[in-house]
Amino acid sequence: AEILFMRLKSNNPQLNHNLFKRHYIDSAACICAGGDETLSYYFLECSQFSPCRKHLELTLSRIGLSLSVDILLLNDCSIDKDAMSVVLRAVNEYIEKTQRFT
């Protein structure tokens, strides 16, 4: 899980947008056909993962945080240590539930 999180954080995930840029696949489109499968799209927009995203958003709202890529990847310097633990657990749970990287 840590390695995958670091790949996401460094914007090097195995998502279609990145694979397309490296000429490994023919299209950057998400399988839901809603747009290019970027990191932001995976976390914030893909309709296929809406139920998982709602749970993620609810978890963040309970600790006073909104859903954003900067929050999810712990790039927001205003997040305290306790909140970071909650965010990291929630992100790992989202990744597991979506099964996108399995």
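Bear in mind that the values in this text are calculations on the coordinates, not laboratory data. The shown structure was predicted, so the numbers you read here are calculated from the model rather than taken from an experiment. In this analysis, Cβ positions are derived from the backbone assuming ideal geometry, glycine residues included, and neighbour counts consider all displayed protein chains.
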Can you work out which of the residues in the range 76-102 that are assigned to a helix (DSSP H, G or I) and among the β-branched types (V, I, T) is surrounded by the most Cβ atoms within 10 Å (Cβ to Cβ)?
V91
Cross-chain or 6+ apart pairs with Cβ under 6 Å, the range 29-49 first and among the small types (G, A, S), then part of a loop (DSSP other than H, G, I, E, B):
S47/C32; S47/G34
If you take the residues in the range 58-75 that are surrounded by fewer than 16 Cβ atoms within 10 Å (Cβ to Cβ) and part of a helix (DSSP H, G or I), which one is nearest to the chain's Cα centre (by Cα)?
D70
Residue count, the range 1-53 (criterion: touching a helix residue (DSSP H, G or I) at 6+ places or on another chain (Cβ under 7 Å), crowded, with 16+ Cβ neighbours inside 10 Å and part of a loop (DSSP other than H, G, I, E, B))
6
